[in-house]
Amino acid sequence: MSLIQPSSRSKQKSSQKSSARRTENNRIYAHPLPIIFAEPSEPSFLRKTLHFLGVSASDILNPHCQGVLDVATRSVWVLDMKDAMILWQRGFFGKGDLSRSEPSWLARQINARKLAKQGEIRVMTSEEVTAKRRAERKQFKLDRAKAMAAATAEAEAAFQQGRIVSTVYAADGTRMIPSAATWKPKDGTQPDQDPPRVEEDEEDEEEPMVNVEHLQLTLQEAFFLLWNFDCLSISNPDGDTLTLLQIWNAFQNVHIPCPTLAPMIDPPQHRRFDNPFLVNYAIYHHYRSFGWIVKSGIKFCVDYLLYKRGPIFSHAEFAIVVCPVYEDPADQDGSPFELNNASPFSWSWLSTINRVNSQVQKTLILSYVTIPARSRVSQDILSSPACFAHYTVREVVLRRFIPARMRD
Amino acid sequence: MESHSFHPRLAELISKYPKSAGALFQTFNDVTLAQKWTDIQVLELSKCGRGAIKGLRPSLTAGEPPSTCVVVPCGLAESLSTSWIRGAFAALDDQLADAPETLFVAICSDDSSIVYYKITKGIMKPQV
């Protein structure tokens, strides 16, 4: 499985991946998009000529993934795990609904079982690596607190007696209070031991686990895959495949409150330029078309995060806050949608978001999307994705300026 | 969502409060399958117009017993206010004999990310 990384007890920081793992990641995540251009091994003369003239005539391999529209969660679910891994590995589309990013729920359940049986697991998912690191850090903090208390008590006792003792170095020369660099986790098991042999008949008693996880795509990701590459087909919960026009209508209708939770495939009664799906898709498409990987930014108080190559390779460099701007302010007054950040927000809120993101070394970008005026552009243009030509996106990069510090 | 095995347990609340159906379903899914809570009950908070989930949350440190927690799901696009939160506490007081002093608000996003916030009644000193 792609997500498996060998557990290593070396003191390398997580950012310094071993070259073997890097090569493995480069191999697995080689394709930036779900469709692949394949060159046949023995190109014909015609192909060679076209290639010489600058025309590429390679075959396009399309994985043709399936998804189901779910109106309540405003997302498209990919239930087949093979399709899910293709969409994740080629472009980092979607998120496992029970996992942090890549669908790894089944792997974690299997690992939990192995841990209970054999006492250790050889290969860990990213969630397990994080949990282990947090547990070690917690143990380190407890050890440090204990050592500090002991050192203080010893110093107090010595003071009573009139002696002076060092609280930094113990009698044998080691540091009394552990620091993060020198602390080692105390556990009995050695990683190089072979796991105890498991009896063959024990394994037969356990029932196979059913994977209840799916890959969840946002409406923007789903439309991007469907409209630009035709590599995703979406059906409604009853199983009928939806046409492009039905999907176009259904995605906009998702944001219109309705008592039933079934996809509404008829055109919306009043087409509006400020439908949240359209506004967010304009932004999503804008950054994806430049090659950025765009993911949700809810964990950092922003709308989107931009990754250069993918979450596997490096942390996100940029955090995007979407600020919709109405070309005609009258449109905003009569709008049934309350778009986030459409009205100016306070300096304190902006400072808070900027601080949160500076602490995690991300640059904050305000992306202004201009929503066309209904008075200027006819609403008929909303009957097809051609309307996106009327939306513009402008970026403003925000960085905190500290005059005292930034001169050096 | 309809074909998911959890759907019958939540069906009544989903049809009664369709606006918060997605958040309720996602939170229930996460809490049951990923966070591994046990003894799960679904409550109805009519004052807040949504359902809530109560269960035993396993403790992070080995050896400690699980603690009873209540989580109230909501969507990212909703706006919360302190009166909303107070209403949630009041609704829980009505329903439960031993209403907890803290509740969790689960904010659900379209891509299935959930962020949990711990809310306490009144000022509480953070744990060391």
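Some notes on this structure:
- Residue list for segment A:259-275, filter: crowded, with 22+ Cβ neighbours inside 10 Å and within 25 Å of B:Y17 (Cβ to Cβ): A:P263, A:N275
- Segment A:342-357: number of residues that are surrounded by fewer than 16 Cβ atoms within 10 Å (Cβ to Cβ) and either in a loop (DSSP other than H, G, I, E, B) or on the phi > 0 side of the Ramachandran plot (or both): 4
- Lone qualifier among A:E102, A:E156, A:E120 - being closer than 25 Å to A:A84 by Cα and of a type in the set (D, E): A:E102
- Within the option set B:A90, B:A77, B:A106, B:A99, being more than 13 Å from chain A (Cβ to nearest Cβ) and either out of contact with any Leu (no Cβ under 7 Å at 6 or more places or on another chain) or of a type in the set (S, T, Y) (or both) holds for one residue only, B:A90.
- Condition check for B:G63 on (1) surrounded by fewer than 14 Cβ atoms within 10 Å (Cβ to Cβ); (2) farther than 30 Å from A:A131 by Cβ; (3) within 14 Å of chain A (Cβ to nearest Cβ): one failure, at (2).
- Of note, A:R100 satisfies the criterion of being assigned to a loop (DSSP other than H, G, I, E, B), farther than 30 Å from A:T241 by Cβ and within 14 Å of chain B (Cβ to nearest Cβ).
- Residues in segment A:365-408 that are touching a strand residue (DSSP E or B) at 6+ places or on another chain (Cβ under 7 Å) and assigned to a loop (DSSP other than H, G, I, E, B): A:Y391, A:R399.
- Evaluation of A:I86 against (1) of a type outside the set (D, E); (2) crowded, with 16+ Cβ neighbours inside 10 Å; (3) part of a helix (DSSP H, G or I); (4) within 14 Å of another protein chain (Cβ to nearest Cβ) (one fails), failing number: (4)
- Residue in segment A:54-67 that is out of contact with any Cys (no Cβ under 8 Å at 6 or more places or on another chain), surrounded by 13 or more Cβ atoms within 10 Å (Cβ to Cβ) and touching a residue at least 40 places away in the same chain (Cβ under 8 Å) present: yes
- Any hit, segment B:25-40, residues being more than 8 Å from chain A (Cβ to nearest Cβ) and among the charged types (D, E, K, R): yes
- Filter result for A:S314 (farther than 24 Å from A:A389 by Cβ, away from every other protein chain (no Cβ under 14 Å) and under 18 Å from the mean Cα position of the chain (by Cα)): yes
- Checking each residue in segment A:214-236 for being within 11 Å of chain B (Cβ to nearest Cβ), more than 25 Å from A:R272 (Cβ to Cβ) and touching a Ser or Thr at 6+ places or on another chain (Cβ under 7 Å) picks out only A:Q216.
- Residues of segment A:221-237 include at least one that is at pLDDT 95 or above and either acidic (D, E) or over 24 Å from A:L61 (Cβ atoms) (or both).
- Residue within segment A:80-91 that is under 19 Å from A:L305 (Cβ atoms), at pLDDT 90 or above and among the acidic types (D, E) present: no
- Residue count for segment A:230-241, restricted to those that are under 18 Å from B:E2 (Cα atoms) and surrounded by 15 or more Cβ atoms within 10 Å (Cβ to Cβ): 4
- Test for B:L56: is it exposed (fewer than 15 other Cβ atoms within 10 Å of the Cβ), hydrophobic (A, V, I, L, M, F, W, C) and under 27 Å from A:A107 (Cα atoms): no
- Qualifying residues in segment A:195-220 (those that are at pLDDT below 90 and among the hydrophobic types (A, V, I, L, M, F, W, C)) - the one nearest to A:Y284 (Cα to Cα): A:V210
- Any hit, segment A:242-252, residues being within 14 Å of another protein chain (Cβ to nearest Cβ) and either at pLDDT 95 or above or surrounded by fewer than 19 Cβ atoms within 10 Å (Cβ to Cβ) (or both): no
- Residue in segment B:14-34 that is loosely packed, with under 13 Cβ neighbours inside 10 Å, out of contact with any His (no Cβ under 8 Å at 6 or more places or on another chain) and in contact (Cβ under 8 Å) with a residue 12 or more places away in the chain present: no
- Qualifying positions in segment B:66-99 - of a type in the set (D, E, K, R) and exposed (fewer than 14 other Cβ atoms within 10 Å of the Cβ): B:R86, B:D93, B:D94, B:D98
The values are calculated or read from the model by the stated rules, or taken from the named source; none is laboratory data. These numbers were taken from a predicted model, which means no experiment stands behind them. A quick note on method: Cβ atoms are made from the backbone with ideal geometry, for glycine too, and the neighbour counts reach across all protein chains shown.
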